[in-house]
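Report on the structure given below.
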Amino acid sequence: MKFFIDTADVQEIRAAHALGILDGVTTNPSLVAKTGRPFREVIAEILEICKGPVSVEVVATETEAMLAEAQEISTMGENVVIKLPVTADGLRATKTLSDRGVPVNNTLCFSALQALMSAKAGAAYISPFVGRLDDVAHNGMELIHDIRTIYDNYGYTTEILVASIRHPMHVLESAQIGADVCTIPFGVFDKLIKHPLTDLGLEAFLSDWAQTGESVLSS
Ligand code: G3P
């Protein structure tokens, strides 16, 4: 499974990248706005840190305007992925870009049928928002199951990129279902490796070792 980080904060991206297991980055207009920094400057810095796929979202809502924004975003870097909503306009733009070989991440997906349309349009990634579904008392992870089944039924290669992740269980269940990618907020990234028994066990190992007076290094 690939791990992307869901942020436009370059400090967070640097920290996740330093772990050596970061495969890509997803941004959206809200995340870029949250940085308070100029759009082009932030994206350029992200592209310098991460050589994997970096999703950058358009803000236009009509196909032609989406394509014009996509054209400009594409020039920002070779590893840019164009993020488009799964609206009718977004789908038309997805088909045009995919036919040209431009990778597209279809975002704001809340139904398996949207995911099916997206795959048919040739999107490289579909981003179902599990946390926002949970927020309105729908089971977000059931959507991931449904999309996995549909894609496997027909051999669609669109990657399932689980988004709107709120806690480690979303990541665990995504891996169990066989989602291709999880885009993880920094706060959740940090929690994936934590276990109290690891900390307690390490403390005991070190205290027992200290009794020996030995050193692992010979000099
Ligand atoms: O980047 C899209 C998605 O991950 C947003 O998550 O937490 O705003 O629902 P959230």
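The values are calculated or read from the model by the stated rules, or taken from the named source; none is laboratory data. These numbers come from a predicted model, not from an experiment. Cβ coordinates were reconstructed from backbone atoms using ideal geometry, including for glycine residues, and neighbour counts include every protein chain displayed. In case anyone asks, the SASA skips ligands and DNA or RNA and just uses the protein heavy atoms, side chains included. Shrake-Rupley method; radii C 1.70, N 1.55, O 1.52, S 1.80 Å.
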- Message: I'd like the residue in segment 1-32 that is hydrophobic (A, V, I, L, M, F, W, C), out of contact with any Gly (no Cβ under 9 Å at 6 or more places or on another chain) and within 12 Å of the ligand (Cβ to nearest atom) and, out of all such residues, is farthest from Lys194 (Cα to Cα).
- Response: Val32
- Single residue of Ile165, Ile126 found to be closer than 16 Å to Val25 by Cα and touching a Gly at 6+ places or on another chain (Cβ under 8 Å): Ile165
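Results for (1) within 16 Å of the ligand (Cβ to nearest atom); (2) open to solvent by 30 Å² or more (accessible area, probe 1.4 Å), shown as yes or no for each residue.
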site: Tyr151; (1), (2): no, no
site: Phe186; (1), (2): yes, yes
site: Asp190; (1), (2): yes, yes
site: Lys194; (1), (2): no, yes
site: Thr198; (1), (2): no, yes
site: Ser219; (1), (2): no, yes
- Message: Can you find a residue that is surrounded by 13 or more Cβ atoms within 10 Å (Cβ to Cβ), under 26 Å from Gly20 (Cβ atoms) and among the small types (Gly, Ala, Ser) anywhere in segment 121-139?
- Response: yes
- Item | Positions within segment 33-51 being outside any helix (DSSP H, G or I), away from the ligand (no atom under 16 Å from the Cβ) and closer than 14 Å to Val80 by Cα, in sequence order | Lys51
- Message: Please count how many residues of segment 61-82 are part of a helix (DSSP H, G or I), open to solvent by 100 Å² or more (accessible area, probe 1.4 Å) and farther than 24 Å from Glu45 by Cβ.
- Response: 1
- Note on the structure: If you go through Tyr125, Tyr156, the only one that is under 15 Å from the mean Cα position of the chain (by Cα) and aromatic (Phe, Trp, Tyr) is Tyr125
